[in-house]
Amino acid sequence: MLSTGALRAHLLAARLAGPVATSRENSLRSYRLFAARDPRVLLGLTPERTWDEPEVLRLMAERCGVSADPAHVSGPDAIDPERTVAALDAFAERLGRVAALRAPVLLGTGHPHRLLGFYAGLADALSAAGCAVLTPAQGRCIDITTRFGVRTYRLDYVRGVALVREPGGRPSGGETGAHTHSPLPVRVALQDAAERYGVLPELVVGDHGWVCGAGQLGIEAIGPADTDDPALFVGEAEGRVSVAVPLDDGVRSHYYRPLTRYVLHRAGLSS
(Lines give C-alpha, C1' and ligand atoms only; values in the text may rest on other atoms or scores of the structure.)
Protein backbone atom coordinates (compact mmCIF):
# COMPACT_ATOMS: atom_id res chain seq x y z
CA MET A 1 0.00 0.00 0.00
CA LEU A 2 1.33 3.42 -0.98
CA SER A 3 1.11 6.25 1.49
CA THR A 4 -0.36 9.48 0.17
CA GLY A 5 3.14 10.93 0.00
CA ALA A 6 4.49 7.92 -1.90
CA LEU A 7 1.54 8.08 -4.30
CA ARG A 8 2.21 11.75 -4.95
CA ALA A 9 5.87 10.97 -5.63
CA HIS A 10 4.88 8.17 -8.03
CA LEU A 11 2.47 10.45 -9.90
CA LEU A 12 5.25 12.94 -10.50
CA ALA A 13 7.94 10.37 -11.33
CA ALA A 14 5.71 8.57 -13.84
CA ARG A 15 4.46 11.89 -15.25
CA LEU A 16 0.90 10.94 -14.44
CA ALA A 17 0.73 14.39 -12.87
CA GLY A 18 2.99 17.41 -12.77
CA PRO A 19 4.27 18.25 -16.28
CA VAL A 20 2.59 15.67 -18.55
CA ALA A 21 3.05 14.53 -22.13
CA THR A 22 -0.20 16.13 -23.27
CA SER A 23 0.68 19.40 -24.93
CA ARG A 24 -0.84 22.75 -24.09
CA GLU A 25 -1.70 23.11 -27.78
CA ASN A 26 -3.80 19.91 -27.71
CA SER A 27 -5.56 20.94 -24.51
CA LEU A 28 -6.48 24.40 -25.79
CA ARG A 29 -7.67 22.92 -29.08
CA SER A 30 -9.96 20.58 -27.13
CA TYR A 31 -11.36 23.48 -25.11
CA ARG A 32 -12.13 25.39 -28.31
CA LEU A 33 -13.84 22.36 -29.83
CA PHE A 34 -15.80 21.71 -26.64
CA ALA A 35 -17.02 25.31 -26.59
CA ALA A 36 -18.15 24.79 -30.19
CA ARG A 37 -19.93 21.56 -29.12
CA ASP A 38 -17.90 19.40 -31.45
CA PRO A 39 -19.06 15.77 -30.94
CA ARG A 40 -15.45 14.56 -31.08
CA VAL A 41 -14.74 16.11 -27.69
CA LEU A 42 -18.22 16.03 -26.12
CA LEU A 43 -17.78 12.24 -25.65
CA GLY A 44 -21.54 11.73 -25.42
CA LEU A 45 -22.18 14.58 -23.01
CA THR A 46 -24.80 17.22 -23.82
CA PRO A 47 -23.84 20.22 -21.66
CA GLU A 48 -26.75 21.78 -19.80
CA ARG A 49 -25.57 25.28 -20.59
CA THR A 50 -23.25 27.10 -22.92
CA TRP A 51 -19.56 26.84 -22.03
CA ASP A 52 -17.34 29.31 -23.82
CA GLU A 53 -13.63 28.71 -24.18
CA PRO A 54 -12.51 30.94 -21.25
CA GLU A 55 -14.99 29.16 -18.97
CA VAL A 56 -13.70 25.74 -20.01
CA LEU A 57 -10.13 26.89 -19.35
CA ARG A 58 -11.08 28.22 -15.90
CA LEU A 59 -12.81 24.95 -15.04
CA MET A 60 -9.83 22.88 -16.16
CA ALA A 61 -7.50 25.08 -14.09
CA GLU A 62 -9.75 24.51 -11.08
CA ARG A 63 -10.23 20.76 -11.52
CA CYS A 64 -6.85 19.73 -13.00
CA GLY A 65 -4.41 22.48 -12.12
CA VAL A 66 -3.57 23.48 -15.70
CA SER A 67 -2.47 27.07 -16.18
CA ALA A 68 -5.41 29.48 -16.19
CA ASP A 69 -3.43 31.95 -18.31
CA PRO A 70 -4.87 32.03 -21.86
CA ALA A 71 -1.56 33.49 -23.06
CA HIS A 72 0.17 30.21 -22.12
CA VAL A 73 -0.26 28.46 -25.46
CA SER A 74 2.62 26.00 -25.89
CA GLY A 75 4.74 23.42 -24.14
CA PRO A 76 3.69 20.54 -21.89
CA ASP A 77 0.51 20.88 -19.90
CA ALA A 78 0.45 20.24 -16.16
CA ILE A 79 -1.73 18.48 -13.59
CA ASP A 80 -1.66 19.26 -9.89
CA PRO A 81 -0.88 15.97 -8.08
CA GLU A 82 -2.85 17.14 -5.03
CA ARG A 83 -5.98 17.28 -7.16
CA THR A 84 -5.22 13.81 -8.51
CA VAL A 85 -4.83 12.35 -5.03
CA ALA A 86 -8.05 13.98 -3.81
CA ALA A 87 -9.95 12.67 -6.84
CA LEU A 88 -8.53 9.16 -6.38
CA ASP A 89 -9.79 9.23 -2.79
CA ALA A 90 -13.27 10.20 -4.02
CA PHE A 91 -13.03 7.50 -6.71
CA ALA A 92 -12.17 4.92 -4.05
CA GLU A 93 -15.09 6.05 -1.89
CA ARG A 94 -17.52 5.36 -4.76
CA LEU A 95 -15.98 1.91 -5.32
CA GLY A 96 -16.25 1.09 -1.63
CA ARG A 97 -19.88 2.15 -1.55
CA VAL A 98 -20.92 0.01 -4.54
CA ALA A 99 -18.95 -2.95 -3.14
CA ALA A 100 -20.74 -2.65 0.20
CA LEU A 101 -24.06 -2.85 -1.67
CA ARG A 102 -22.82 -5.76 -3.81
CA ALA A 103 -24.38 -3.87 -6.69
CA PRO A 104 -23.79 -4.56 -10.40
CA VAL A 105 -21.02 -2.62 -12.14
CA LEU A 106 -19.85 -2.06 -15.70
CA LEU A 107 -16.26 -1.26 -16.63
CA GLY A 108 -15.06 -0.12 -20.04
CA THR A 109 -12.15 1.68 -21.65
CA GLY A 110 -11.29 3.59 -24.77
CA HIS A 111 -7.61 3.25 -23.80
CA PRO A 112 -7.14 -0.55 -23.71
CA HIS A 113 -3.42 -0.45 -24.46
CA ARG A 114 -2.79 1.76 -21.41
CA LEU A 115 -5.60 1.39 -18.90
CA LEU A 116 -6.92 -2.15 -19.30
CA GLY A 117 -4.83 -3.47 -16.40
CA PHE A 118 -5.99 -0.66 -14.11
CA TYR A 119 -9.65 -1.47 -14.70
CA ALA A 120 -9.11 -5.24 -14.66
CA GLY A 121 -7.68 -5.00 -11.16
CA LEU A 122 -10.76 -3.11 -10.05
CA ALA A 123 -13.07 -5.61 -11.75
CA ASP A 124 -11.36 -8.54 -9.99
CA ALA A 125 -11.72 -6.88 -6.59
CA LEU A 126 -15.35 -5.86 -7.14
CA SER A 127 -16.24 -9.36 -8.29
CA ALA A 128 -14.55 -10.85 -5.21
CA ALA A 129 -16.61 -8.45 -3.07
CA GLY A 130 -19.84 -9.87 -4.52
CA CYS A 131 -20.58 -7.34 -7.27
CA ALA A 132 -21.83 -8.62 -10.60
CA VAL A 133 -19.36 -7.38 -13.20
CA LEU A 134 -21.62 -7.03 -16.23
CA THR A 135 -20.57 -8.03 -19.77
CA PRO A 136 -23.60 -7.15 -21.92
CA ALA A 137 -23.66 -7.04 -25.73
CA GLN A 138 -20.44 -9.05 -26.07
CA GLY A 139 -19.62 -9.53 -29.73
CA ARG A 140 -22.03 -6.81 -30.86
CA CYS A 141 -20.92 -4.81 -33.90
CA ILE A 142 -20.96 -1.01 -33.55
CA ASP A 143 -20.50 1.55 -36.32
CA ILE A 144 -18.29 4.36 -35.02
CA THR A 145 -17.36 7.55 -36.85
CA THR A 146 -13.60 8.04 -36.99
CA ARG A 147 -11.29 10.42 -38.81
CA PHE A 148 -11.12 7.76 -41.52
CA GLY A 149 -14.91 7.60 -41.86
CA VAL A 150 -17.42 5.20 -40.34
CA ARG A 151 -15.85 1.91 -39.28
CA THR A 152 -17.39 -1.16 -37.73
CA TYR A 153 -15.99 -2.32 -34.39
CA ARG A 154 -16.83 -5.27 -32.17
CA LEU A 155 -17.56 -4.98 -28.46
CA ASP A 156 -15.54 -7.43 -26.39
CA TYR A 157 -14.53 -7.99 -22.77
CA VAL A 158 -11.15 -8.84 -21.27
CA ARG A 159 -11.16 -9.76 -17.56
CA GLY A 160 -14.53 -8.07 -17.19
CA VAL A 161 -13.50 -4.84 -18.91
CA ALA A 162 -15.24 -3.73 -22.10
CA LEU A 163 -13.31 -2.52 -25.13
CA VAL A 164 -13.83 -2.41 -28.87
CA ARG A 165 -11.78 -4.23 -31.46
CA GLU A 166 -11.10 -3.22 -35.03
CA PRO A 167 -12.36 -5.45 -37.83
CA GLY A 168 -10.01 -8.39 -38.18
CA GLY A 169 -8.65 -7.87 -34.66
CA ARG A 170 -7.47 -10.63 -32.38
CA PRO A 171 -10.05 -13.19 -31.21
CA SER A 172 -11.95 -12.82 -27.95
CA GLY A 173 -9.69 -12.96 -24.89
CA GLY A 174 -6.76 -11.15 -26.46
CA GLU A 175 -5.58 -8.03 -24.71
CA THR A 176 -5.52 -5.55 -27.54
CA GLY A 177 -8.25 -3.22 -28.60
CA ALA A 178 -8.91 0.07 -30.32
CA HIS A 179 -8.56 3.58 -28.95
CA THR A 180 -11.92 5.34 -29.04
CA HIS A 181 -13.67 8.35 -27.56
CA SER A 182 -17.13 7.22 -28.70
CA PRO A 183 -20.08 6.90 -26.29
CA LEU A 184 -21.75 4.36 -28.58
CA PRO A 185 -20.21 1.27 -26.92
CA VAL A 186 -21.60 2.14 -23.49
CA ARG A 187 -25.00 2.98 -24.96
CA VAL A 188 -25.14 -0.39 -26.70
CA ALA A 189 -23.98 -2.19 -23.56
CA LEU A 190 -26.51 -0.44 -21.33
CA GLN A 191 -29.36 -1.06 -23.73
CA ASP A 192 -28.53 -4.76 -23.91
CA ALA A 193 -28.19 -5.00 -20.13
CA ALA A 194 -31.62 -3.46 -19.66
CA GLU A 195 -33.46 -5.27 -22.44
CA ARG A 196 -31.91 -8.73 -22.30
CA TYR A 197 -31.03 -9.05 -18.61
CA GLY A 198 -33.33 -6.56 -16.93
CA VAL A 199 -30.49 -4.98 -14.97
CA LEU A 200 -28.50 -1.75 -15.14
CA PRO A 201 -25.19 -1.11 -13.39
CA GLU A 202 -25.18 0.90 -10.21
CA LEU A 203 -21.82 2.31 -11.30
CA VAL A 204 -19.91 2.63 -14.57
CA VAL A 205 -16.12 2.86 -14.31
CA GLY A 206 -14.14 3.92 -17.35
CA ASP A 207 -12.90 6.80 -19.45
CA HIS A 208 -13.88 8.92 -22.44
CA GLY A 209 -17.31 7.99 -23.81
CA TRP A 210 -17.84 5.25 -21.24
CA VAL A 211 -18.09 7.85 -18.48
CA CYS A 212 -19.79 10.68 -20.32
CA GLY A 213 -22.17 8.38 -22.19
CA ALA A 214 -23.28 6.67 -18.97
CA GLY A 215 -23.50 9.91 -17.01
CA GLN A 216 -25.61 11.51 -19.72
CA LEU A 217 -28.08 8.63 -19.28
CA GLY A 218 -28.30 9.20 -15.54
CA ILE A 219 -26.05 6.33 -14.40
CA GLU A 220 -23.34 7.11 -11.87
CA ALA A 221 -19.98 7.14 -13.63
CA ILE A 222 -16.39 7.70 -12.54
CA GLY A 223 -13.02 7.61 -14.25
CA PRO A 224 -9.72 9.24 -15.17
CA ALA A 225 -9.36 12.07 -17.67
CA ASP A 226 -6.46 13.92 -19.23
CA THR A 227 -6.07 17.68 -19.64
CA ASP A 228 -7.48 17.48 -23.16
CA ASP A 229 -10.68 15.70 -22.01
CA PRO A 230 -12.80 18.61 -20.73
CA ALA A 231 -16.09 16.74 -21.15
CA LEU A 232 -15.58 14.63 -18.02
CA PHE A 233 -14.82 17.69 -15.91
CA VAL A 234 -17.78 19.63 -17.30
CA GLY A 235 -19.93 16.57 -16.60
CA GLU A 236 -18.62 16.54 -13.05
CA ALA A 237 -19.32 20.27 -12.65
CA GLU A 238 -22.85 19.79 -13.96
CA GLY A 239 -23.52 16.77 -11.75
CA ARG A 240 -23.61 13.96 -14.34
CA VAL A 241 -20.14 12.55 -13.69
CA SER A 242 -19.49 11.64 -10.07
CA VAL A 243 -15.68 11.71 -10.14
CA ALA A 244 -13.24 12.75 -12.85
CA VAL A 245 -9.65 11.95 -11.87
CA PRO A 246 -7.11 14.28 -13.51
CA LEU A 247 -4.13 12.30 -14.79
CA ASP A 248 -2.25 11.52 -17.97
CA ASP A 249 -4.14 8.62 -19.58
CA GLY A 250 -1.40 7.66 -22.02
CA VAL A 251 1.65 6.57 -20.02
CA ARG A 252 2.97 3.00 -19.83
CA SER A 253 0.40 0.56 -18.51
CA HIS A 254 2.44 -0.63 -15.52
CA TYR A 255 2.61 2.93 -14.15
CA TYR A 256 -1.07 2.62 -13.23
CA ARG A 257 -0.58 -0.45 -11.01
CA PRO A 258 0.25 1.57 -7.88
CA LEU A 259 -2.95 3.57 -8.46
CA THR A 260 -4.96 0.33 -8.50
CA ARG A 261 -3.39 -0.75 -5.20
CA TYR A 262 -3.96 2.67 -3.63
CA VAL A 263 -7.60 2.88 -4.72
CA LEU A 264 -8.46 -0.66 -3.63
CA HIS A 265 -6.87 -0.11 -0.22
CA ARG A 266 -8.76 3.15 0.26
CA ALA A 267 -11.99 1.41 -0.82
CA GLY A 268 -11.43 -1.44 1.64
CA LEU A 269 -11.14 -3.94 -1.21
CA SER A 270 -7.51 -5.00 -1.02
CA SER A 271 -6.80 -8.58 0.03
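The values are calculated or read from the model by the stated rules, or taken from the named source; none is laboratory data. Remember, it's a predicted structure, so these values are computed and weren't measured experimentally. Because the Cβ atoms are built from the backbone with ideal geometry, glycine has one as well, and the counts that use them run over all protein chains shown. Just so you know, the surface numbers come from the protein's heavy atoms only, side chains and all, with ligands and any DNA or RNA stripped out. Shrake-Rupley method; radii C 1.70, N 1.55, O 1.52, S 1.80 Å.
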Condition met for residue 47 (under 15 Å from residue 157 (Cβ atoms), open to solvent by less than 30 Å² (accessible area, probe 1.4 Å) and not in a helix (DSSP H, G or I)): no
Matching residues in region 109-133 - criterion: being touching a residue at least 40 places away in the same chain (Cβ under 8 Å), touching a Gly at 6+ places or on another chain (Cβ under 9 Å), of a type outside the set (Lys, Arg) and open to solvent by 50 Å² or more (accessible area, probe 1.4 Å): 113
Residue ID - nearest to residue 28 (Cα to Cα), chosen from residues in region 224-271 that are open to solvent by 10 Å² or more (accessible area, probe 1.4 Å) and of a type in the set (S, T, N, Q): 242
Filter pass, residue 139 being part of a loop (DSSP other than H, G, I, E, B), in contact with a His (Cβ under 7 Å, 6 or more places away or on another chain) and either buried (at least 16 other Cβ atoms within 10 Å of the Cβ) or at pLDDT 95 or above (or both): no
Of the criteria (1) within 25 Å of residue 263 (Cβ to Cβ); (2) in contact (Cβ under 8 Å) with a residue 40 or more places away in the chain; (3) open to solvent by less than 10 Å² (accessible area, probe 1.4 Å); (4) within 16 Å of the chain's Cα centre (by Cα), which one residue 221 fails: (2)
Residue count, region 185-213 (criterion: in a strand (DSSP E or B) and more than 18 Å from residue 98 (Cβ to Cβ)): 0
Per-region count, region 50-87, residues in a helix (DSSP H, G or I), touching a strand residue (DSSP E or B) at 6+ places or on another chain (Cβ under 8 Å) and closer than 16 Å to residue 232 by Cα: 4
Some residue of region 155-175 being within 15 Å of the chain's Cα centre (by Cα) and open to solvent by 20 Å² or more (accessible area, probe 1.4 Å): no
For residue 34: the one exception among (1) buried (at least 17 other Cβ atoms within 10 Å of the Cβ); (2) not in a helix (DSSP H, G or I): (2)
Tally of residues being among the aliphatic types (A, V, I, L, M) and in contact with an Asp or Glu (Cβ under 6 Å, 6 or more places away or on another chain) across region 230-249: 1
Condition met for residue 149 (exposed (fewer than 15 other Cβ atoms within 10 Å of the Cβ) and of a type in the set (Gly, Ala, Ser)): yes
Scope region 1-31; condition touching a helix residue (DSSP H, G or I) at 6+ places or on another chain (Cβ under 7 Å) and exposed (fewer than 13 other Cβ atoms within 10 Å of the Cβ); matching residues: 1
